[in-house]
Protein chains: 2
Amino acid sequence: MRNTPGYDRLIDRFARIATIGECSSMLGWDAAAVMPPGGGAARGDQLAVLAGLAHAQLTAAETADELAAAEADGTGGDPWRAANLALMRQAYTRATALPADLVEAQARANSACEKVWRDAKATSSFSQVRPYLEEVVRLVRHIGGALAPVVGLSPYDALMDGYQRGVRAADVTPIFAAYETFLARALPEAEARQARAPQPIRPVGPFSIEAQEALCRRLSERLGLDYTHARLDRSVHPFSGGTPTDVRITTRYIEADFTQAILAVVHETGHALYERGLPRDYARQPVGEAAGMAAHESQSLIVEMQACRSDAFLSWMGPELLAAFGGDPAPYHPENLGRLWRRVERGFIRVDADEMTYPAHVILRFRLEQALISGDLAVADLPGAWNDGLHALLGITPPDDARGCLQDIHWYDGAFGYFPSYTLGAMAAAQLMTAARKAVPDLDAGLSRGDMSPLLGWLRANVHSQGSRLGFNELLRAATGKPLDPQDFQAHLTARYLG
Amino acid sequence: MRNTPGYDRLIDRFARIATIGECSSMLGWDAAAVMPPGGGAARGDQLAVLAGLAHAQLTAAETADELAAAEADGTGGDPWRAANLALMRQAYTRATALPADLVEAQARANSACEKVWRDAKATSSFSQVRPYLEEVVRLVRHIGGALAPVVGLSPYDALMDGYQRGVRAADVTPIFAAYETFLARALPEAEARQARAPQPIRPVGPFSIEAQEALCRRLSERLGLDYTHARLDRSVHPFSGGTPTDVRITTRYIEADFTQAILAVVHETGHALYERGLPRDYARQPVGEAAGMAAHESQSLIVEMQACRSDAFLSWMGPELLAAFGGDPAPYHPENLGRLWRRVERGFIRVDADEMTYPAHVILRFRLEQALISGDLAVADLPGAWNDGLHALLGITPPDDARGCLQDIHWYDGAFGYFPSYTLGAMAAAQLMTAARKAVPDLDAGLSRGDMSPLLGWLRANVHSQGSRLGFNELLRAATGKPLDPQDFQAHLTARYLG
């Protein structure tokens, strides 16, 4: 079926919105990677103006007319067009559900809270940021409440849907409960097994930043990143940004240890490869975007955790590291790298956690943020609830709030409903890897030659090229034959840490 | 007088437009300095969408109402407000004078022509690009013709006014004619004097790019550039971009010779210091912007040509260069640096020209572009007219069109009326330097210590902080007591090259 005028106008409108988003994305990269500090104030204004322009394009009166006309025209049985139109409608519904003064109040409250949080974290002073967080929570509850009736979800689900479409708290709750049970058994076993194994030998630096950077670039190229469409830079927190034809990944370097830089680069390369593989035919359309934050995390983690920390890949990586840094070869033996990079440890900090304990950090946040949104938990009671919750999950208690409820920026910047994406992504990565291994016979043989192309080919066909046509569970069903099934993740952990 | 609601709305509107312009400026810097080649197509779309959004803000129906209301309110005798309102009106008048289809046709024609020009220049094939340039000229004549009645100027003046407000061809023609006469006498004299002087000794490289870059940064800092609000990067063509609180300058490096890199950096530093010194109180308002392209060029050239190539500054720079690069000290003797960097030569290429012959290149283009716009010169006759004109001015004839009428991008990208700014800027720089020397007794003493702050303080007070409040000649009158007077430039050249 040919496009109708109404649908064509929507395509133009959403392409314009997406192009404004590309500008914001590039300016966001610039701010984090290269901007001199004096540019910060103006950059905030620039991003706010772009956000306002995109919002105006989306919520314009004409959008409703164009949507109604295109929906009346039907989609001629084209699933891409149907999905695109549904996503356009969803974006419009969400954007128009919120009064402008509430959106503005939230932007101001988030910005104020996030600023105070930086100091509060540095001094581990929750009371300093508490009133700001109370205001943020008050407004996010308002927003969840305003979205809920128009999208037909609970307030928390309405928020979570903004990060990963099609995932509900009711789906996540039993998955996380089952994982808690698994962890209670698996973690002590993994620790005991680890205690019996030889201690890992740490490579001794310094490792020149230049050598690390060259290696990171070579490694990401090897994984499939094409630098005619990409950059690798440095930032305080590694991230992947930019646009599908110009992806920008970053990492950070310390001379004493190359581990962090390299593992961040392979993680961000996974994100970048997803963006690079999105369907060109639907570029700048909602259906041509990545399928959500959990789907995105599945792509970074399948590269970092599933592929690059596999025995096969480490057997290729060891000699590469030795060639790059020289010195004693013992630390670069693949078995030693495995012991170094696949180590479980009960810790306070989510971003430093291993793949087995990481979900505990997410489960804690998932439960607490639901209670904050529902009103069952007062902000004032957050530090205590945090410490109790972490102790129940991992048997440890943070010595201070900096290593407790102040550690992550997310809530202090207004992001509620985001945290589950990390663990849903980790579970999806294991499930996708299991299916890919069955479908692609030479996958591990490739990894043992430092060649990820067999895996990447499968991901491109089954995940990247699907854009946002399918929701999270539907994407997994199409790729693996079933919706999210946490058993594959548990099987992966069992094989790697208890096998 | 307090702001009125109409004027307040205009301030918000123009701040929004300027902020969109900042986004474009940053993305333009990114494209030239760091973007991977694969990002080019999307970047073009991004810049086009931003230009469209800014244009829509400027030409909205509400703008006319707001302008009428603010003009009716009066300006309460505030010259800044009066100038701002006049500039707003002028921007609106120019933007609404042109039908959208003409603007789009021009953007397409310029883009097509510029692409073909790159090949045509490489193969010195004017006939290849001729039809494209004919279309560009046809459209720019239309545009000049459409602007002329609404701004009350001739078509060429209307175009030139878009680059440097308040300068007319009738002002420029006698100034350039007088310079032609001066040059006919001065150039042979300078050549004869140069022939009698010792030959300059060229420093022998290679000069490491890292050492050059470190020196360039140190030098620009020394000249007053604050890197908490600036960056120095590399690009094929050096330029200054960014925004007043985040200026981005670039240069290019070759190992064999550091001259080009250093002189480009001091030139771009002059542009950047102007942006940094614009009045904060009028940031993102028309009156808070730089006073035009000729004014901008005066600020780059007062730093590069007047300050940094002065005897005083070279006496400081010589030892700095020797310290940076080592080797034989003879080339770094200030007198030798003067012979190297202040050398006249009849050449074909404008961008390589010395300060005495540079105006000849501009005079040639000024005359030819007026004839192209008026229709007195057909595009087909351009190569011949170019070669005849250059011979009349400098006594040399380009061996091919690549070194003739194909050398500059400007016309092939639709820029007519821009070229005079270069020489008006050079003349203004000499006039400002003459006035600054009188007003600031320790100016040259400062330069001989590598300290430009006495000069910079005077420029900040008399030029930078004035924004766009005054037109080009009014700015010069306020700073130097007279409108543009080419005698100061001739006196400068006489002292430097014939003294």
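Derivation of every value follows stated rules applied to the coordinates shown; laboratory data play no part. Model, not experiment: these values are computed from the prediction. Ideal geometry is used to build each Cβ from the backbone, glycine not excepted, and the neighbour counts take in all protein chains shown.
May I ask which residue of A:N84, A:A48, A:L67 lies farthest towards the positive end of the charge dipole of the stretch A:1-93, with charges of +1 (Lys, Arg) and -1 (Asp, Glu) on Cβ and the Cα centre as origin? Positive-most Cα among the choices belongs to A:A48. Tell me, how many Å apart are the Cα centres for the stretch B:37-90 and for the stretch B:278-347? Cα centres, the stretch B:37-90 to the stretch B:278-347: 34 Å. Here's the picture: charge each Lys and Arg Cβ at +1 and each Asp and Glu Cβ at -1 in the stretch A:188-227, and of A:A211, A:P188, A:P198 the one pushed furthest to the positive end of that dipole is A:P198.
Label-point distances for B:A100 to the equivalent site in the other copies, using a point 7 angstrom along Cα→C-beta, read 2.1 nm when ranked shortest first.
If you rank A:D413, B:D246 by fewest surrounding Cβ atoms within 10 Å, what's the result?
Placing the least packed residue first, the sequence is A:D413, B:D246.
Computed from point charges on the beta carbon alone (+1 for Lys and Arg, -1 for Asp and Glu), the dipole magnitude for chain B about its Cα centre is near 540 Debye.
Determine, for A:M433, B:M160, the number of other Cβ atoms within 10 Å of each Cβ, and report the residues in order from fewest to most.
Starting with the residue having the fewest Cβ neighbours, the order is A:M433, B:M160.
One decimal place: the segment A:A461-A:A330 gains 43.3 nm when fully extended, by the rule 0.36 nm per residue minus the C-alpha distance.
Where does chain A land at 222 nm, in deg cm²/dmol rounded to the nearest 500, when only DSSP H runs of n ≥ 4 count, each adding -39500 (n - 2.57), divided by all residues?
The helix contribution divided over chain A gives -20500 deg cm²/dmol.
Using a simple spin-label model with pseudo-atoms 7 Å out from Cα toward Cβ, A:A60 and A:A195 lie 6.6 nm apart. Counting Lys and Arg as +1 and Asp and Glu as -1 over every other residue whose Cβ lies under 11 Å from the Cβ of B:R130, the net charge comes to -4. Couplings 3J(HN,Hα) for the stretch B:242-251, derived from phi with the Karplus relation 6.51 cos²θ - 1.76 cosθ + 1.60 (θ = phi - 60°), are x, 9, x, 9, 7, 7, 10, 10, 9, 8 Hz, where x marks Gly and Pro. Each residue, B:A86 and A:E345, gets one label point 7 Å from its Cα in the Cβ direction; the gap between the two is 6.9 nm. Net charge within 14 Å of B:L27 by Cβ-Cβ distance, Lys/Arg positive one each and Asp/Glu negative one each, not counting B:L27 itself? With Lys, Arg at +1 and Asp, Glu at -1, the neighbours total -3.
Spin-label model, A:A41/A:R437: points 7 Å from Cα along the beta carbon direction are separated by 5.6 nm.
Label-to-label distances for B:A56 across copies, nearest first, come out at 0.8 nm, using points 7 Å from Cα in the beta-carbon direction. Inter-copy label distances at B:G499, shortest first and taken from points set 7 Å along Cα to Cβ: 8.1 nm. Per residue of peptide A:329-335, the mean number of Cβ atoms on other chains within 10 Å of the residue Cβ is 0. Relative contact order of the stretch A:164-499: 23 percent, from C-alpha pairs under 8 Å at least 6 residues apart in sequence.
Please report how far the C-alpha centroid of the stretch B:420-499 lies from that of the stretch A:178-197, rounded to the nearest whole angstrom. What the calculation gives is 76 Å, centre to centre.
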